[in-house]
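The next block holds one structure in the form of C-alpha cells; read it before the comments.
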Amino acid sequence: RLFLYLLRTSFSIDESKLRCTILARDDASVSELTRYWAKETAIPVEQFYMARKDKRTVGKVARRSGFGTCRIEYSSTELFREVTSIGTILTSSGRI
C-alpha cells in the first residue's frame, strides 16, 4: 500500500504500466486472490500476470488463512533514474 501510495502521489505515472504477480499457496484459489488484490491495489485484473503457486505447500496445512503476496512492478527507466538520483542526493547529504 505504501509503495503504491508514494508512487501515485509523488510521481506522474502511467497506470497502464503497473503489473502484479500473485504468489500463493498451492491450494489457494487464484481467481479469488486476483479479485482481492485487484480491489486492494485498484489495478485492473487485465494487468495481472499469471499467479505463481508455491509447490512447497502441497499437502501442508496452512497455519493461517491468507491472501498470498502481491508483487507490484512499474516499468519505467525514467522513473528509476529519478528515484535513484533522489537516493543519491539524500545519501551524499548525510540525511540517511
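The values are calculated or read from the model by the stated rules, or taken from the named source; none is laboratory data. Keep in mind the model is a prediction, meaning the values are calculated, not measured. As a convention, Cβ positions derive from the backbone with ideal geometry for all residues, glycine included, and neighbour counts pool all protein chains shown. The protein model used for the area step is the full one, side chains on, heavy atoms only, and it has no ligands, DNA or RNA in it. Shrake-Rupley method; radii C 1.70, N 1.55, O 1.52, S 1.80 Å.
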Considering each residue of the stretch 71-96, count those that are out of contact with any Cys (no Cβ under 6 Å at 6 or more places or on another chain) and either under 23 Å from Lys17 (Cβ atoms) or modelled with pLDDT of 95 or more (or both), and give that number. 16
State which residue is modelled with the lowest pLDDT when the search covers only the stretch 47-70 and only residues that are among the basic types (Lys, Arg) and loosely packed, with under 13 Cβ neighbours inside 10 Å. Arg64
Within the stretch 46-76, work out how many residues are over 21 Å from Tyr5 (Cβ atoms) and touching a helix residue (DSSP H, G or I) at 6+ places or on another chain (Cβ under 6 Å). 1
Has the stretch 23-46 got any residue that is closer than 25 Å to Ile86 by Cβ, in contact with a strand residue (DSSP E or B) (Cβ under 8 Å, 6 or more places away or on another chain), in contact (Cβ under 8 Å) with a residue 24 or more places away in the chain and surrounded by fewer than 16 Cβ atoms within 10 Å (Cβ to Cβ)? no
Residue check for Ile13: of a type in the set (A, V, I, L, M) and either in contact with a Pro (Cβ under 7 Å, 6 or more places away or on another chain) or open to solvent by 100 Å² or more (accessible area, probe 1.4 Å) (or both): no
